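These notes are about the structure you will find just below.
The values are calculated or read from the model by the stated rules, or taken from the named source; none is laboratory data. Keep in mind that what you see is a predicted model, and the values were worked out from it rather than measured. FYI the Cβ positions are ideal-geometry reconstructions off the backbone, even for glycines, and counts take in every protein chain you see. The accessibility values were calculated without ligands, DNA or RNA, using every heavy atom of the protein model including side chains. Shrake-Rupley method; radii C 1.70, N 1.55, O 1.52, S 1.80 Å.
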Amino acid sequence: MNVQIEPSWKQQLQLEFDKPYFARLTDAVRAEYKAGACYPPGPLIFNAFNLCPFDRVKVVIIGQDPYHEPGQAHGLSFSVLPGVMFPPSLQNIFKEIADDVGKPIPQSGDLTRWARQGVLLLNATLTVRAHEANSHAMLGWREFTDAAIQALARGREHIVYMLWGGYARGKSWMIPRDRNLVLESVHPSPLSANRGGWFGQHQFSRCNAYLQQQGQQPIDW
């Protein structure tokens with residue numbers, strides 16, 4: 001499957017790779033990909049880590065699992081490949097950015113440009129079976145991605161954590177709030193966003209203001 005992870009993250013997560021659960025996870029994921037279509041493509045499973053090394057993380061955005069239809073997922077939460085129609089949640093993210101910081105809605109939903117600036121676009125579950133949301137949720141990925149969040153909590157500070165929806169907000173216990181900024185809101189999906197609590201929160205400008213206060217470059221959303 002040609003699955004590789006960026007060296008600084010490999011160092012941070014080496015203990016996880018050596019644990020029995022990760023061996024079981026690896027076997028299960030290989031079996032799933034062999035049995036039928038799964039996403040993202042194997043070389044992109046660790047794309048979020050590979051595009052955003054440990055020491056460069058400035059922002060963390062946590063999703064639940066990859067998009068499960070063909071041609072969408074490429075290893076970054078909420079992101080889709082160029083030319084793919086924006087999923088509803090991504091549409092609402094771009095609308096809020098336009099209202100908040102005045103940046104026009106882009107032509108592409110590929111968020112690689114964010115990742116290269118230090119935004120870790122981390123799904124809690126890194127793979128999914130085609131057409132079946134959350135189908136890999138119990139394979140062991142969550143233990144692994146929780147370990148990644150905890151590694152950041154131990155080894156880094158002044159990171160902005162954007163926790164959208166109940167699932168992501170459930171990760172907040174791992175984050176030291178005295179040396180990071182935690183921005184919580186409802187999920188940007190239409191079902192949640194249209195009830196209130198997504199639009200008008202100014203999370204993206206608040207994120208950049210915090211980064212600038214810490215002497216860091218803001219994100220070009």
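With respect to the conditions (1) over 26 Å from I219 (Cβ atoms); (2) out of contact with any Ser or Thr (no Cβ under 6 Å at 6 or more places or on another chain); (3) not β-branched (V, I, T), M85 falls short on a single one, namely (1). Cβ-Cβ contacts under 7 Å between residues 6 or more apart (or on different chains), taken from a first residue in region 161-172 that is farther than 21 Å from S205 by Cα to a second residue that is open to solvent by 10 Å² or more (accessible area, probe 1.4 Å) and of a type in the set (S, T, Y), are absent. If the condition is being farther than 16 Å from V101 by Cβ, of a type outside the set (S, T, N, Q), in contact (Cβ under 8 Å) with a residue 24 or more places away in the chain and crowded, with 16+ Cβ neighbours inside 10 Å, then region 175-205 contributes I175, L181, H187, A193.
When A151 is tested against (1) buried (at least 17 other Cβ atoms within 10 Å of the Cβ); (2) touching a residue at least 40 places away in the same chain (Cβ under 8 Å); (3) in contact with a helix residue (DSSP H, G or I) (Cβ under 6 Å, 6 or more places away or on another chain); (4) within 19 Å of L111 (Cβ to Cβ), only condition (4) is not met. In region 49-64 there is at least one residue matching the filter, namely being open to solvent by 60 Å² or more (accessible area, probe 1.4 Å), closer than 16 Å to T112 by Cα and of a type outside the set (S, T, N, Q).
On inspection, F94 qualifies as part of a helix (DSSP H, G or I), among the aromatic types (F, W, Y) and more than 14 Å from the chain's Cα centre (by Cα). With respect to the conditions (1) touching a residue at least 24 places away in the same chain (Cβ under 8 Å); (2) closer than 19 Å to A124 by Cβ, N208 falls short on a single one, namely (2). For region 14-68, a tally of residues being charged (D, E, K, R), outside any loop (DSSP other than H, G, I, E, B) and over 23 Å from Q216 (Cβ atoms) returns 6. Residues in region 12-56 that are of a type in the set (A, V, I, L, M) and touching a Ser or Thr at 6+ places or on another chain (Cβ under 9 Å): V29, I45, A48, L51.
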